[in-house]
Amino acid sequence: MTKENLILMLAGVLCIGLIGCGTTSAEVSSKPRPTSAKPTSSESKKKPMGHYETKTVIDQMAWPEIVVDQKGYTETVQTGTQTVVDEEAWDDYTLRDYGVCSCGAEFDSADAVNTHMYENDREEPHSSCTISFRWDVEHHPAVTHEEPVYEDVCHPPVTHTVVHSAKTHTEKIWVEE
């Protein structure tokens, strides 16, 4: 065997291994190509009709958030005073003798009028007197004291609003024409 015969024989075996037993090279070229094959130069020249557009997709809408800087609270504060009556005011009435000498002098008792008249020997103008009764009124004011007045004062919380922006991302999408 010569080198040339050996090469031809190896080429035939190689051809049979690639194509399969009993298939000739003419049959292989006449078989249709699989669909996964690359397009021919005429097919690749056809461009699809359409274009890419950028679309913004919202993952989470914008939302407001109220942030509390200082909690609200209520405190009790004194706003003034008020007068509290411990005992109401009252009047004390006392019945007393009342005497008037004919000279015009007034006395708190009948004894005082008599003494005045005898000291002046019951001579004119001290010769007579009028004795009557009268009510003396003694006013007693109310007994009071001052007490503080308290009120609850509400202090609202101190807040501010933070507006969080929407969370988004962009995507390229194919739009056919």
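What tally of residues in region 137-177 results from selecting those that are among the hydrophobic types (A, V, I, L, M, F, W, C), under 30 Å from residue 53 (Cα atoms), part of a strand (DSSP E or B) and within 35 Å of the chain's Cα centre (by Cα)? Within region 137-177, residues that are among the hydrophobic types (A, V, I, L, M, F, W, C), under 30 Å from residue 53 (Cα atoms), part of a strand (DSSP E or B) and within 35 Å of the chain's Cα centre (by Cα) number 1.
Taking first residues from region 118-139 that are of a type in the set (Gly, Ala, Ser) and partners that are outside any strand (DSSP E or B), the Cβ contacts under 7 Å between residues at least 6 apart in sequence or on separate chains come to 127/102; 128/102.
When you go through 104, 99 one by one, which is the residue that is out of contact with any Pro (no Cβ under 6 Å at 6 or more places or on another chain), of a type outside the set (A, V, I, L, M) and in a strand (DSSP E or B)?
Details: 104 fails: in a strand (DSSP E or B).
Residue meeting the stated conditions: 99.
Please verify whether residue 43 is part of a loop (DSSP other than H, G, I, E, B) and at pLDDT below 85, treating the condition exactly as stated. Taking the combined requirement at face value, the residue does not satisfy it. Of 162, 84, 113, 137, all but one fail to be surrounded by 11 or more Cβ atoms within 10 Å (Cβ to Cβ) and among the hydrophobic types (A, V, I, L, M, F, W, C); the exception is 113. The condition of being exposed (fewer than 13 other Cβ atoms within 10 Å of the Cβ), outside any helix (DSSP H, G or I) and at pLDDT 80 or above holds for residue 94. Scanning region 47-71 for residues that are assigned to a loop (DSSP other than H, G, I, E, B) and of a type in the set (Gly, Ala, Ser) gives a single hit, 62.
Would region 64-78 turn up any residue that is under 30 Å from residue 137 (Cβ atoms) and small (Gly, Ala, Ser)? Looking for residues that are under 30 Å from residue 137 (Cβ atoms) and small (Gly, Ala, Ser), one finds none in region 64-78, hence no.
The values are calculated or read from the model by the stated rules, or taken from the named source; none is laboratory data. In this text the structure is predicted, and so the values were computed from the model without any measurement. As a convention, Cβ positions derive from the backbone with ideal geometry for all residues, glycine included, and neighbour counts pool all protein chains shown.
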